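The values are calculated or read from the model by the stated rules, or taken from the named source; none is laboratory data. If you're wondering where the values come from, they're calculated on a predicted model, not measured in any experiment. Using ideal geometry, Cβ is built from the backbone for each residue, glycine included, and neighbour counts are taken over all protein chains shown. With ligands, DNA and RNA removed, areas are computed over all heavy atoms of the protein, side chains included. Shrake-Rupley method; radii C 1.70, N 1.55, O 1.52, S 1.80 Å.
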Amino acid sequence: MSSVTRMKATAYAIGAGTGYVYVRAEYPLAIERLNLALGQARALGLLGSNILGSGFDFDIRLYQGAGAFVCGEETALIASIEGRRGMPRPRPPFPVQSGLFGCPTVINNVETFANVPRVISLGPDVYSSIGSEKSKGTKIFSLTGKVNITGLVEVPMGVTIRHVVFDIGGGIPKDRRFKAVQMGGPSGGCIPERFLDLPIDYDSLQSVGSIMGSGGMVVMDENTCMVEVARFFLSFTAGESCGQCSPCRIGTRQMLEILTRITKGEGRMEDLDRLERIAVQVKNTSLCGLGQTCPNPVLSTLRHFRDEYEAHILQKRCPAGVCEALVLSPCQHACPAGIDVPSYVAFIGQGDYARAVEVIRERNPFPSICGRICHHPCEGKCRRGEVDESISIRYLKRYAADWTYEHEKEPPEPFPVTRK
Amino acid sequence: MAQEFDLDSLERIFKRFEPTRANLIPALQAVQEEFGYIPPAAIRPVARHIGVFPSEVSGIITFYAQFYTTPRGRNVVRVCRGTACHVRGGRTVLQTVMRHTGIKDGETSEDMQFTLETVACLGACALSPVMVINKTYYGKLNPGRIEALLKNLP
Ligand SMILES: Cc1cc2nc3c(=O)[nH]c(=O)nc-3n(C[C@H](O)[C@H](O)[C@H](O)COP(=O)(O)O)c2cc1C
Ligand code: SF4
Ligand code: FES
């Protein structure tokens, strides 16, 4: 595997004798393949003592994580390899001064190591001709979420988000509308549609409250609730906070509580300012990168999607139809007549077509017409559509109505007049 | 469920790890690999072998999410709750698994058939929503497939 050679180049430059690769235990496949690569490299004499007769000794050990996100933070990572709880410590001293077992230690991401030989072999001039003014070279993104083509993409720095999502990713499935792209992992920010033409480089991302971070690009469509997304990230970071400093330990909990309250329709307008205040404080006063960046999803959604927060608080409405306390079901939420879709679909499922039609008629006297001409916004929101195809709600309705008209003995009782 | 606890196998594991602090986590991982979990009775021997206090070993076990102190089911189902899977219906996957197995996140069914846990990203985001049963990955899941997969487990 090429990162082996690349770590070796670094080790040679700094005179290191041992390298560690820290892999999450959740990635068994990566561990298996790395072990294979390391074994092959040793067998070929590319690792070990006196590599290829050069007198240079270097070996790489693979270290399996044990399920703690904070161990990505460099000082926590060192603590973890040393056999301690993965808790960050203040810097300085930086790992390059005093790192693993007190030795100077270089810590980098695999992608960084992978770029070293490229810079050397292409030469700095050629390498820096790729990319934008301030961000050089290429960057690999993990393009995922509501996008047609998912996977790893490598692009020159400075291409637009639109290029990655629409030209490479093939746009949004089922012709839904793009809402945001979340970049940089759990500490990243959400970038809204109006910044689709933003070039992807370190400075531009920072200017809209996001980061390059892990290189994750999660595309979100109109059926994603941004308040719920912020809550989702906070529930993750609150759980992963190592707990040693109070802004992060307590602040994440408080933000999570407020966000949960808002998604339940119990929020208050002053919550928004409070949320922002706590977020800024946690960002400024936490010890490590986890605490310093975990408010980003909150701050960026507050900044770019404030209207969604307000809809939850003022109108007790979740515009995307996601928050369970506010929407009975996304389909009913989307139906202009507010028909109880889950009930009648369930009756149809049981073969009780007449009862299904009864349910529809509570809100709409024309099930047969609606079953033919309605543009069925309900199907666009169907949760089942997230995993494969939406339930064909309109056809079900039409079938139930037609069956009922054929079998009905007497016309239904008209509903009593409720308005004069 | 009565647990057989075999000290000999513990000794065999210790032979592979020199008694240094840095070997504490790998040794615990090996114990877990052997027994499927870390039997509380193993904490003292591990501490003695590495040369730390038992409380430090407990400290490690409770800090890292991957260590378990209770026996686990024959089939460990891990549902991804990472971001990419979340926006593509990861919650529906979790609900389907919970409905089928009758257990919640972190629980083991009484018949020891299933242990259910959630993980923040399994590293196969492009295939979301994803779950792992024992060591096999399953991607692009839908409720029908999940039911079929769970039904056919040994
Ligand atoms: C909470 C937290 C989690 C992190 N997780 C990772 C990770 O999973 N992988 C990684 O390469 N860097 C991670 N980092 C960043 C590393 O600490 C480190 O800064 C980085 O790997 C340095 O390499 P680079 O300069 O080549 O990017 C994390 C940082 C923090 C604060
Ligand atoms: S910021 Fe959070 S994760 Fe980092 S050291 Fe403080 S409590 Fe731990
Ligand atoms: S988010 Fe589920 S595999 Fe990455």
*Would you tally the residues in region A:337-351 being open to solvent by 50 Å² or more (accessible area, probe 1.4 Å) and either touching a Gly at 6+ places or on another chain (Cβ under 7 Å) or within 21 Å of A:Glu410 (Cα to Cα) (or both)?*
0
*In this structure, does A:Gln244 turn out to be more than 16 Å from ligand 3 (Cβ to nearest atom), surrounded by fewer than 17 Cβ atoms within 10 Å (Cβ to Cβ) and within 14 Å of chain B (Cβ to nearest Cβ)?*
yes
*Kindly list the number of the only condition in (1) open to solvent by 30 Å² or more (accessible area, probe 1.4 Å); (2) within 16 Å of ligand 1 (Cβ to nearest atom) that fails for B:Glu33.*
(2)
_If a residue must be within 13 Å of ligand 2 (Cβ to nearest atom), surrounded by 18 or more Cβ atoms within 10 Å (Cβ to Cβ) and either under 17 Å from A:Gly243 (Cβ atoms) or within 14 Å of another protein chain (Cβ to nearest Cβ) (or both), how many such residues does region A:256-291 contain?_
6
*Any residue at all in region B:68-90 that is more than 14 Å from ligand 3 (Cβ to nearest atom), in contact with a helix residue (DSSP H, G or I) (Cβ under 8 Å, 6 or more places away or on another chain), assigned to a loop (DSSP other than H, G, I, E, B) and basic (Lys, Arg)?*
no
*In this structure, does A:Glu228 turn out to be under 30 Å from A:Leu314 (Cβ atoms), open to solvent by 60 Å² or more (accessible area, probe 1.4 Å), touching a residue at least 24 places away in the same chain (Cβ under 8 Å) and within 18 Å of the chain's Cα centre (by Cα)?*
no
*Could you tell me whether region A:52-61 includes any residue that is among the β-branched types (Val, Ile, Thr) and under 26 Å from A:Thr293 (Cα atoms)?*
no
*In region A:177-221, what residues are surrounded by fewer than 18 Cβ atoms within 10 Å (Cβ to Cβ), in a helix (DSSP H, G or I) and of a type outside the set (Asp, Glu)?*
A:Arg194, A:Tyr202, A:Gln206, A:Ser207
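I want to confirm something. Restricting to region A:360-387 and keeping residues that are closer than 19 Å to A:Ala320 by Cα and without any contact (Cβ under 8 Å) to a residue 12 or more places away in the chain, which single residue is most open to solvent (accessible area, probe 1.4 Å)? Walk me through it before giving the result.
Within region A:360-387, the first condition is being closer than 19 Å to A:Ala320 by Cα, and the residues that meet it are A:375-387.
So of that shortlist, the ones also without any contact (Cβ under 8 Å) to a residue 12 or more places away in the chain come out as A:375, A:384, A:387.
Working: A:His375: 137, A:Arg384: 80, A:Val387: 25 Å².
In this case the residue turns out to be A:His375.
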*Restricting attention to region A:82-95, and to residues there that are over 23 Å from A:Cys294 (Cα atoms) and facing chain B (nearest Cβ under 10 Å), which single residue is least open to solvent (accessible area, probe 1.4 Å)?*
A:Gly83
*Regarding A:Pro411, is this residue within 23 Å of A:Glu222 (Cβ to Cβ) and open to solvent by 30 Å² or more (accessible area, probe 1.4 Å)?*
no
*Residue check, A:Glu386 against (1) at pLDDT 85 or above; (2) within 30 Å of A:Asn148 (Cβ to Cβ); (3) among the acidic types (Asp, Glu), all met but one. Which one?*
(1)
*Condition test on B:Ala22, is it touching a strand residue (DSSP E or B) at 6+ places or on another chain (Cβ under 7 Å), open to solvent by less than 30 Å² (accessible area, probe 1.4 Å), under 23 Å from A:Gly72 (Cα atoms) and within 11 Å of another protein chain (Cβ to nearest Cβ)?*
no
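Only one of B:Leu122, B:Leu150 is within 16 Å of ligand 1 (Cβ to nearest atom) and either more than 21 Å from A:Phe69 (Cα to Cα) or in contact (Cβ under 8 Å) with a residue 24 or more places away in the chain (or both); which? Give the steps one after another, and end with the answer.
On the way: B:Leu150 fails: within 16 Å of ligand 1 (Cβ to nearest atom).
None of the others qualify; the one that does is B:Leu122.
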*Among the residues of region A:39-81, count how many are open to solvent by less than 20 Å² (accessible area, probe 1.4 Å), within 16 Å of ligand 3 (Cβ to nearest atom) and more than 10 Å from every other protein chain (Cβ to nearest Cβ).*
0
